[in-house]
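Student: Got a structure for you, questions after.
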Amino acid sequence: MTFELKPLPYASNALEPVISKETIEYHHDKHLATYVSNLNKLIVGTKFENSDLETIIKESDGGIFNNAAQVWNHNFYFDTFLPGGSNTPQGKLAEAINTTFGSFDNFKKEFNEASTTLFGSGWAWLVKDNEGKLSIVKESNAGNPLTKGYTPIFTFDVWEHAYYIDYRNRRADHVAEVWKLINWDVAGERY
């Protein structure tokens, strides 16, 4: 199987001013494209040559895992956004957030804390377990909650390439702004 760079579901400037066109062009068009290219090269002649991304993530390690997980993570991340966002979660996801975290504001506070305290590069995730219980998990580097049996709902990329052009070393400022872009309809469908 040959993987391809998945097109963005919006124009590269559509997330401004929260995420600039320049950041998208580097993040999607260069970083993600490199992960796709590396993965295609690494799986040739391996048992993963004809596998889908989720299988590769769950069964591989090393460079194959890192590149496969980064392709999946980034596709998931970019699909989480809606220019202008959709304000707050609704329906069952909203109920689950309120039940688990006490309120949407408490949830945001805990998610911001996870996003800003992850040492180095990685991802903060809202996930659910097999019983539908929500939790926030932090994953370093290319870490992906699929490897632990969770279903991802949404994620914040806290690798520097996700925010450095626009926010420099101010990860917390980036995290605070990204909430404006969340497509809660998509997150609700994932739940």
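The values are calculated or read from the model by the stated rules, or taken from the named source; none is laboratory data. Since the structure is predicted, the reported quantities are computational estimates derived from the model, not experimental observations. In this analysis, Cβ positions are derived from the backbone assuming ideal geometry, glycine residues included, and neighbour counts consider all displayed protein chains. These area figures cover heavy atoms from the full protein model, side chains too; ligands, DNA and RNA do not enter into them. Shrake-Rupley method; radii C 1.70, N 1.55, O 1.52, S 1.80 Å.
Student: Please give the calculated 222 nm ellipticity per residue for the chain, where each DSSP H segment of at least 4 residues contributes -39500 (n - 2.57) and the sum is spread over every residue; nearest 500 deg cm²/dmol?
Tutor: Estimated from H runs of four or more residues: -13000 deg cm²/dmol.
Student: List the residues, sorted by chain then number, that are 5 or more residues from PHE81 or on another chain and whose placed amide H is less than 5 Å from its amide H.
Tutor: Result for PHE81 returns ASN183.
Student: Right, here's the next one. Listed here are the pairs LYS58/LYS128; LYS6/LYS138; LYS109/LYS138; which of them are more than 20 Å apart at the Cα?
Tutor: Going by Cα-Cα distance, LYS6/LYS138 fall outside the 20 Å limit.
Student: For GLU113, what accessible surface area do you get with a 1.4 Å probe? Give it in Å², rounded to 10.
Tutor: Approximately 110 Å² for this residue.
Student: If you don't mind, another one. Viscosity 0.692 mPa s, temperature 37 °C: give me the Stokes-Einstein translational D for segment 91-191 in µm²/s, with Rh taken as the Kirkwood radius over C-alpha pairs.
Tutor: Values: Rh = 13.9 Å.
Estimated via Stokes-Einstein, D reaches 236 µm²/s.
Student: For GLU54 and LYS109, what is the calculated FRET efficiency with R₀ set at 30 Å and r taken between the beta-carbons, to the nearest 0.05? Could the numbers behind the result be given before it?
Tutor: Working: r = 31 Å, r/R0 = 1.04.
Given R0 = 30 Å and the Cβ-Cβ separation, E is 0.45.
Student: Still on this structure, please answer the following. Of all accessible surface on the chain at a 1.4 Å probe, what whole percent is carbon and sulfur?
Tutor: About 47 percent, which is the carbon plus sulfur part of the accessible surface.
Student: Quick one: ranking TRP159, TRP123, TRP179 by accessible area, 1.4 Å probe, largest first, what do you get?
Tutor: Details: TRP159 55, TRP123 0, TRP179 20 Å².
Descending order: TRP159, TRP179, TRP123.
Student: How much of ARG168 can a 1.4 Å solvent probe reach, expressed as accessible area in Å² and rounded to 10?
Tutor: Answer for ARG168: close to 120 Å² accessible.
Student: For the chain, modelled as a GNM with alpha-carbon contacts under 10 angstrom, which of ALA68, ALA114, ALA124 fluctuates the most?
Tutor: Largest GNM mean-square fluctuation: ALA114.
Student: Grab the beta carbon distance between LEU5 and PHE119, set R0 = 22 Å, and tell me the FRET efficiency rounded to 0.05.
Tutor: That pair, LEU5 with PHE119, gives E of 0.15.
Student: Which far-off residues, 5 or more places away or on another chain, put their amide H under 5 Å from the one on PHE154, with H placed in the peptide plane?
Tutor: LEU126
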